[in-house]
């Protein structure tokens, strides 16, 4: 089978999956993961199974069709509201915290205000390394009894397309400024004083949601995912970026500039001193039937 035939067949399958997936999404229920001791909550929405076409990072220019399982994704990027509970050890007793309990799995305290003055209540967590995001997921899994993790790149792209933008992220038309302005905080909108723009992140969920009910999939903060080649990569672009970085097919990898001013030697494994544009959201393959404690 030629590459063209494979892609056409993949596209047909994707459209079929999109239709069937939409029905499954309607049948599944959203749920809210409420953390103990009023430590915040995560609103999780169902994402249907399907297939998405991506550019192969190992062979640029080669399209790969990837199966995506049905799952739940956090409606917004993880906020300081939830992350602070993990970072400041609010789930531990005073004695446990004083004894350094679980310290190897918790981030060290940053030497600058972690929110960089942008805001905390309702704002996305920023400057977190990939390891920090992974450890948060492990902490959340232990706390709730469910398995939370970062999205894979294919899962993230499939969810970002929202059932509205097709299934081919390898060769799709770029999103227009008009499309992005409705859903994203990014360079163009942040620079617009008539649009409430300001330098920095914005509270989550203030722009329009996509077809799956997800907010800020593009803009606000770049989001950590596990890449198609298992290499950590960020998707969606952030408040510092222009439209080209917010496209479904765009990939932005961490480089040395994200930790350039970190005075530690070796550099922090937890924080990106020069990455106030990086955050994440989570996924879970278990739904409300497994939820404990309402």
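None of the figures in this text is laboratory data; all of them are computed from the coordinates on show. Just so we're clear, the structure is a prediction, and the values are computed from it rather than from any experiment. Cβ atoms come from the backbone with ideal geometry, glycine included; neighbour counts cover every protein chain shown.
Cα centroids of segment 137-162 and segment 234-294: 13 Å apart.
Subtracting the Cα-Cα distance of residue 257 and residue 206 from their residue separation scaled by 0.36 nm leaves 15.4 nm. Counted over segment 150-294, the DSSP beta bridges are approximately 60% antiparallel. The modelled label-to-label distance between residue 264 and residue 109, using points 7 Å beyond Cα along the C-beta direction, is 1.4 nm.
Highest first, please rank the peptides 251-263, 60-72 by the mean number of other Cβ atoms sitting within 10 Å of their residues.
Working: 251-263: 13.2, 60-72: 16.2.
In decreasing order of mean packing, 251-263, 60-72 become 60-72, 251-263.
Rounded, prolate or oblate: which fits segment 207-248 when a ≥ b ≥ c are the square roots of the eigenvalues of the alpha-carbon gyration tensor, with rounded for a/c under 1.5 and prolate only if a/b beats b/c? Note, shape of segment 207-248 comes out oblate.
In terms of its alpha-carbon gyration tensor, segment 158-294 comes out rounded; the largest-to-smallest axis ratio a/c stays below the 1.5 threshold.
Run the numbers for residue 121 and residue 41: contour at 0.36 nm per residue of separation, minus the present Cα-Cα distance, in nm.
Here the answer is 27.6 nm.
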